[in-house]
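Participant: Just dropping this structure here.
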Amino acid sequence: MAEARAAALRGEVPVGAVLIAPDGRIVAQAGNRTRELSDPTAHAEVLVIRAACAALGSERLPGHDLYVTLEPCPMCAAAISNARIGRLYYGAADPKSGGVAYGARVFSHPQCHHAPEVYDGIAEAEAEAMLKAFFVSRR
């Protein structure tokens, strides 16, 4: 949630992500930076995966847990699959742009090579309230 709040303060959509190693330590954490970096792929999940892979010297993150405040979009879900992340925990559902429970349902697709265990609704009310407040302030 701290990464999502920091993203909102930067004018980014308030999404935050944290990757936890099998031993329980934080490997990487990030919030959205698409506007700051002028990069449409700079979603919190992608930034965390990039940082973790660089830190560990591997393109795969088996056994790792990814916590995200919002249901990952299809791009992020594909990155999670390609990184072979073990478990995905997310807060608010995203009926408009989600790629896990809604929309593309990437992990259910026959071409998906790896599907993590998925746990939704983690701090859902807080994450949803933060997102709604952010978008209300923009309108």
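The values are calculated or read from the model by the stated rules, or taken from the named source; none is laboratory data. Quick caveat, the model's predicted, so the values are computed rather than measured. FYI the Cβ positions are ideal-geometry reconstructions off the backbone, even for glycines, and counts take in every protein chain you see. Keep in mind that these areas ignore ligands, DNA and RNA; they rest on the heavy atoms of the full protein, side chains included. Shrake-Rupley method; radii C 1.70, N 1.55, O 1.52, S 1.80 Å.
Participant: Please list, by residue number, every one of the GluC sites (Glu not before Pro) in the stretch 1-90 that is coil in DSSP and has at most 11 other beta-carbon atoms within 10 Å.
Facilitator: Passing both the DSSP loop test and the Cβ count: Glu59.
Participant: Let me ask something else. Label point 7 Å out from His114 along Cα-to-Cβ: which residues of the stretch 22-58 have amide N under 20 Å?
Facilitator: 22-30, 43-58
Participant: List the residues, sorted by chain then number, that are 5 or more residues from Leu70 or on another chain and whose placed amide H is less than 5 Å from its amide H.
Facilitator: Under 5 Å from the amide H of Leu70: Gly16, Gly91, Ala92.
Participant: Still on this structure: Give me the 1.4 Å probe accessible area per residue for the chain, excluding ligands and nucleic acids, in Å². Mind showing how you got there, number by number?
Facilitator: Working: 7070 Å² over 139 residues.
For the chain, the per-residue accessible area is 51 Å².
Participant: Continuing with the same structure: Cα atoms only, the stretch 59-139: Rg and Dmax in Å?
Facilitator: 13.1, 41
Participant: Run the helix sum for the chain: -39,500 (n - 2.57) per DSSP H stretch of 4+ residues, divided by residue count, reported at 222 nm to the nearest 500 deg cm²/dmol.
Facilitator: Taken over the chain, the calculation gives -10500 deg cm²/dmol.
Participant: Continuing with the same structure: Over the alpha carbons of the stretch 18-119, what is the largest minus smallest coordinate on each principal axis, giving the biggest first in Å?
Facilitator: That gives 32, 32, 23 Å along the principal axes, largest extent first.
Participant: Here's something else I'd like to know. By per-residue mean of other Cβ atoms within 10 Å, what is the highest-first order of 123-131, 14-22, 89-97? Intermediate results must be reported in sequence, preceding the final value.
Facilitator: Details: 123-131: 16.9, 14-22: 22.9, 89-97: 18.4.
Peptide ranking by packing, descending: 14-22, 89-97, 123-131.
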